[in-house]
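> Sharing a structure here in structure tokens format.
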Ligand code: HEM
């Protein structure tokens, strides 16, 4: 039963890539059963460059935020640190691991990528919920009111979405067993789109975090601007592959109707 599902899944993915590659706009060249396409190659190089830049930006940004937090240690220090590791480092990697253009994962097969994807996503959720717990406890200790700023309200929405995406991910993992209720390809497209939305809300919350009163007490105004620009760029570079994959899934679904 399990083997049948995996075979079904492999066929479904092959169909997806085949239909996407046969798009009427692509000047594809058939050779020994493979389709070579100049545009695909260029896209792949751009994709690899974007994934490399996104890794670089988020690793450097996480190191910088952690440094700012632990320069002046308190319980609060764990909030930006855990949130940045969870939402930018791990969640971005979970998104990018699914892309063939990711240089770190280029040698991995689909099964291995899917496994790493949910492991990274589970790690991200653990860091994000710990970061949330820290800020709530810290506010209670200092008798401060909860959810009074845009940062905290959007952060709460993000948390709900993380829960939602994670449970949706579990359903997607077993999508072939639920195929009598919803087509697996449709379920994957929905998971893909909600995942993109969740990551965007995370990036927006992080940027609002950079504009809380805490930040300018620890870093200069120019650091604030540079961090904002880098987080936006890192976010765009991360999402490039996920948006492309959602578009391919949509095109394959549309063409199979
Ligand atoms: C995706 C990342 C983040 C999420 C989801 C998030 C979420 C939250 C939430 C939900 C609260 C309110 C808790 C409450 O009112 O009980 C909060 C407060 C706070 N966060 Fe974050 N945060 C993130 C990143 C950051 C970063 C990077 C910084 C600093 C650079 C930061 C600084 C603060 C500060 C100073 C507060 C207390 C003031 C306030 O409520 O606005 N956060 N955060």
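> Let me have the relative contact order for segment 47-247, percent, based on Cα pairs under 8 Å that are six or more residues apart. Walk me through the numbers on the way to the answer.
Details: 205 pairs, mean separation 60.7, N = 201.
Relative contact order of segment 47-247: 30 percent.
> Arrange the following residues from fewest to most other Cβ atoms within 10 Å of their Cβ: 213, 189. Spell out each step's value before the answer.
On the way: 213 7, 189 20.
Lowest to highest Cβ neighbour count: 213, 189.
> Per q in 0.10, 0.13, 0.15, 0.17 Å⁻¹, report the Debye log10 I(q)/I(0) for segment 47-247, using one uniform scatterer on each alpha carbon and no solvent.
-0.43, -0.71, -0.92, -1.14
> Taking neighbour counts of Cβ atoms within 10 Å as a proxy for exposure, in what order, fewest first, do 240, 71 appear?
Numbers: 240 20, 71 10.
With the fewest neighbours first, 240, 71 line up as 71, 240.
> For segment 41-154, what class follows from the C-alpha gyration tensor (a ≥ b ≥ c being the square roots of its eigenvalues): rounded when a/c is under 1.5, otherwise prolate if a/b is larger than b/c, else oblate? Please report the intermediate quantities before stating the final value.
Details: a/c = 2.81, a/b = 2.17, b/c = 1.29.
It comes out prolate by the Cα gyration axes.
> Round to the nearest 0.05 the FRET efficiency obtained for residue 181 and residue 157 when R0 = 22 Å and r is the Cβ-Cβ distance.
On the way: r = 28 Å, r/R0 = 1.26.
Computed FRET efficiency for residue 181 and residue 157: 0.20.
> How much FRET efficiency would the formula 1/(1 + (r/R0)^6) give for residue 223 and residue 197, where r is the Cβ-Cβ distance and R0 is 35 Å, rounded to 0.05? Don't jump to the answer; show the numbers that get you there.
Values: r = 29 Å, r/R0 = 0.82.
Using R0 = 35 Å, I get an efficiency of 0.75.
> Given points 7 Å out from each Cα along the Cα-Cβ axis, report the residue 250 to residue 212 separation in nanometres with one decimal.
3.4 nm
> For 114, 160, what ranking results if the residue with the fewest other Cβ atoms within 10 Å of its Cβ goes first?
On the way: 114 17, 160 11.
With the sparsest Cβ surroundings first, the list reads 160, 114.
Values quoted throughout were computed directly from the atomic coordinates according to the rules given, and no laboratory measurement underlies them. Every value quoted in this text rests on a predicted model; they were computed, and no experiment measured them. All Cβ positions, even for glycine, are placed from backbone atoms using ideal geometry, and neighbour counts span all protein chains on display.
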